[in-house]
Amino acid sequence: MDVELLARIQFGITAGFHFLFPPMSIGLGVILVIMEWRFLRTKNMLYERMAKFWTKVFALTFGVGVATGIVMEFEFGTNWATYSRYVGDIFGSPLTAEAIFAFFLESTFLGILIFGWNRVSPKMHFFSTCMVALGATLSAFWIIVANSWMQTPAGFHIVNEGGIMRAEITDFWAMVFNPSTIERFSHVISASWLTGAFLVMSVAAYYLVKRRHIDFAKSSMRIALFLATLAAFLQLETGHRSAMEVVKYQPEKLATFEGHFNTAVLDLYFIGYLDVENERIIGLKWPGFLSWLIYGDFSAPVKGRNDFPKDELPPIQLPFQTYHIMVAIGMAFIGIVLFSIFLLWRKKLFETKWYLKLLIPAFALPHIANLCGWIAAEVGRQPWAVYKILRTDDAISKVVASSEVWFSLILFTTIYIVLSILFVFLLLKKIKHGPEEFEPLTM
């Protein structure tokens with residue numbers, strides 16, 4: 001196996017594992033803000049009890065997220081030295097901003113959030129919770145800036161210094177707000193809200209099935225369902241806007257996502273099979289609907305893969321499959337929240353045991369959708385490390401050997417497996433222990 005493929009596999013494993021945790025932290029941060037705000041408004045100790053419990057879960061996800069994210073920083077220098085040399089001045093800027101303006105903010109107030117109960121006033125603690133949630137969101141923004149610049153680079157020029165080419169920032173804000181930043185950031189944030197909300201709904205459903213911590217579970221479910229409903233419909237809008245950005249700036253990626261080979265009207269397939277050899281999709285479709293979504297015209301042709309240079313086309317099966325899995329799960333979220341609201345309106349949500357049992361494993365759905373969306377976006381950008389600027393096979397380190405990458409790949413994969421087992425063990429331990437007991441006030 002060549003060095004490039006090994007390095008890509010290693011980065012995919014490390015980044016994919018890390019990506020399980022920040023969305024949970026962002027979503028849980030918002031839920032903590034809502035819970036503490038409700039406590040300040042009502043003085044009901046149940047909301048403080050809820051906030052204390054979910055703060056422990058937040059702290060666990062935050063700690064593992066930080067630990068798993070550090071590895072990627074080193075990989076840029078070891079496996080992707082040419083990439084770092086060529087675009088490091090640009091790529092490093094948002095990463096530095098993330099550390100200074102987001103991570104420090106989040107980590108500074110995290111101490112008060114975790115240890116400040118009964119040591120600072122409720123209002124100060126609420127302010128600290130807000131700052132932690134803001135820091136987590138800002139951290140995501142700067143990471144998305146860096147990644148979006150790789151998708152739609154802007155605000156730079158290429159300079160030649162002693163025969164070495166490198167990218168240099170000419171307009172910082174054009175780089176920050178490159179054409180895909182806002183669309184991708186809003187899509188990631190709404191996905192993160194769903195991730196946190198579904199985790200809370202899953203745990204609440206578990207308590208309701210077990211008939212434990214009933215008041216805690218009901219209130220947690222209501223708050224999480226509110227956020228999940230908002231995020232599920234926001235995902236629909238942000239997903240469409242993100243897709244329109246792909247249409248405009250990365251048309252070959254769109255053709256890959258849709259399995260679209262020849263320039264023609266683009267149909268919407270509800271379910272189907274991609275036959276790459278015969279360049280077609282076999283399945284149930286709505287004729288011309290995607291052309292209408294893109295151009296407002298059912299008969300508008302959309303450029304296909306065969307109209308692009310073959311050496312600039314990404315692989316098709318993996319982006320096609322992961323993209324459609326993401327979309328399918330995204331539509332499932334809307335169905336889940338609407339049915340949950342219906343049961344809540346009928347005052348049957350907390351007693352419908354078969355549905356609560358289905359909600360318990362549903363926490364995995366946002367993670368699957370997040371990873372599928374990330375895989376589709378990154379593989380769909382190939383063969384470019386930076387779109388139309390630097391090819392992936394040119395970005396690899398020139399001196400690293402495949403044996404060295406193999407060693408670090410096996411080492412980090414082993415460490416991540418151990419970390420995942422430890423995380424699941426600690427999370428399940430906290431869930432089984434449950435929140436602190438007290439005599440609740442009347443709601």
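Please work out how much length the chain gains when fully extended from residue 2 to residue 311, using 0.36 nm per residue of separation minus the C-alpha to C-alpha distance, in nm with one decimal.
Numbers: separation 309, 0.36 × 309 = 111.24 nm, distance 1.88 nm.
Stretched out fully, the residue 2 to residue 311 stretch lengthens by 109.4 nm.
Taking a ≥ b ≥ c as the square roots of the Cα gyration tensor eigenvalues, with a/c under 1.5 meaning rounded and otherwise prolate when a/b beats b/c, else oblate, which class fits the stretch 1-112?
Working: a/c = 4.06, a/b = 2.34, b/c = 1.73.
Since a/c reaches 1.5 and a/b is larger than b/c, the shape of the stretch 1-112 is classed as prolate.
Assuming 0.36 nm per residue, please report the length gained on full extension of the stretch residue 354 to residue 393 beyond their Cα-Cα distance.
On the way: separation 39, 0.36 × 39 = 14.04 nm, distance 5.08 nm.
That works out to 9.0 nm of additional length.
Based on alpha-carbon centroids, what's the gap between the stretch 100-176 and the stretch 224-263 in Å, whole number please?
24
Mind pulling up the Rg/Rh value for the chain? Radius of gyration and Kirkwood radius, both on Cα. Show your work: numbers first, answer last.
Working: Rg = 23.2 Å, Rh = 23.5 Å.
Looking at the chain, the ratio lands at 0.99.
Quote the relative contact order of the chain in percent (integer), defining contacts as alpha-carbon pairs under 8 Å separated by 6+ residues. The partial results should precede the final answer.
Details: 634 pairs, mean separation 94.4, N = 443.
After rounding, I find 21 percent.
Loop only per DSSP, at most 16 neighbouring Cβ atoms within 10 Å: give me the GluC sites (Glu not before Pro) in the stretch 234-321, ordered by residue number. Write down the numbers at each step before the final one.
On the way: sites: 237, 245, 252, 258, 277, 279, 312; in loops: 258, 277, 279.
When the GluC sites (Glu not before Pro) of the stretch 234-321 are filtered for loop state and at most 16 Cβ neighbours within 10 Å, 277, 279 remain.
Given a cut-off of under 8 Å on Cα pairs at least six residues apart, what relative contact order in percent is computed for the stretch 13-152?
Details: 127 pairs, mean separation 44.1, N = 140.
It rounds to 31 percent for the stretch 13-152.
What lysines does residue 253 reach when the alpha-carbon gap must be under 20 Å and sequence neighbours fewer than 8 apart in one chain are set aside?
Straight-distance partners of residue 253: 303, 310, 388.
Cα gyration tensor of the stretch 147-300, axes a ≥ b ≥ c as square roots of the eigenvalues: rounded (a/c below 1.5), prolate (a/b > b/c) or oblate? Don't skip to the end; give the middle numbers.
On the way: a/c = 2.67, a/b = 1.33, b/c = 2.00.
Because a/c hits 1.5 or more and a/b fails to exceed b/c, the stretch 147-300 counts as oblate.
Please find, in a Gaussian network model of the chain (springs between Cα atoms separated by less than 10 Å), the residue of 194, 208, 426 whose mean-square fluctuation is greatest.
Top of the fluctuation ranking is 426.
Quick check on the chain: helices-only [θ] at 222 nm, where DSSP H runs of length 4 and up contribute -39,500 (n - 2.57) each and the sum goes over total residues. Nearest 500, please. It would help to have the intermediate numbers written out before the result.
Details: 16 runs with 303 residues, N = 443.
Dividing the helical sum by the residues of the chain leaves -23500 deg cm²/dmol.
Enumerate the amide H contacts of residue 261 below 5 Å, restricted to partners 5 or more residues apart or on another chain; note that Pro and chain-start residues carry no placed amide H.
Amide H neighbours of residue 261: 305.
When the dipole is taken about the Cα centre of the stretch 297-443, and only Lys, Arg (+1) and Asp, Glu (-1) are charged at their Cβ, what size is it in debye, to the nearest 20? All intermediate terms of the calculation are to be shown ahead of the outcome.
Working: 15 positive and 12 negative charges, 93 e Å.
In debye, rounded to 20, the stretch 297-443 gives about 440.
What is the list of residues in the stretch 201-224 whose amide nitrogen lies under 19 Å from a point 7 angstrom out from the Cα of residue 230, following Cα to Cβ?
Hits in the stretch 201-224 for residue 230 at 19 Å: 201-202, 219-224.
Going by alpha carbons, how many degrees (0 to 90, nearest 10) lie between the helix axis of 45-78 and the longest principal axis of the chain?
Helix 45-78 and the main axis of the chain meet at about 20 degrees.
Pick out, in residue order, every one of the trypsin sites (Lys or Arg not before Pro) in the stretch 172-240 that is DSSP loop and has at most 12 other C-beta atoms within 10 Å; say none if there are none. Please list the in-between numbers first.
Details: sites: 184, 210, 211, 212, 218, 222; in loops: 211, 212.
Listed in order of number, the matching sites are 211.
If I model a spin label as a point 7 Å beyond the Cα along the Cα-Cβ vector, how far apart are those points for residue 420 and residue 262 in nm?
Result: 4.3 nm between the two label points.
Among the listed pairs 56/432; 218/432; 357/432; 43/357; 348/429; 285/353, give every one whose C-alpha distance is greater than 25 Å.
Details: 56/432 13 Å; 218/432 17 Å; 357/432 16 Å; 43/357 32 Å; 348/429 29 Å; 285/353 36 Å.
Listed pairs above 25 Å: 43/357; 348/429; 285/353.
Between residue 328 and residue 241, with labels modelled 7 Å along Cα→Cβ, what's the label distance in nm to one decimal, could you check?
2.8
Between residue 341 and residue 37, how high is the FRET efficiency from 1/(1 + (r/R0)^6) when r is the Cβ-Cβ distance and R₀ = 22 Å? Nearest 0.05. Intermediate values should be presented prior to the final figure.
Working: r = 22 Å, r/R0 = 0.98.
Efficiency, rounded to the nearest 0.05: 0.55.
Once you charge only the Cβ atoms, +1 for Lys and Arg and -1 for Asp and Glu, what is the size of the charge dipole of the chain about its Cα centre, to the nearest 20 debye? Intermediate results must be reported in sequence, preceding the final value.
Details: 37 positive and 34 negative charges, 474 e Å.
For this selection, approximately 2280 debye.
Each reported figure results from applying straightforward, stated rules to the coordinates on display, with no laboratory input. Note that the coordinates shown come from a computational prediction; the quantities given were computed from them, not determined experimentally. Virtual Cβ from ideal backbone geometry, glycine too; neighbours counted across all protein chains shown.
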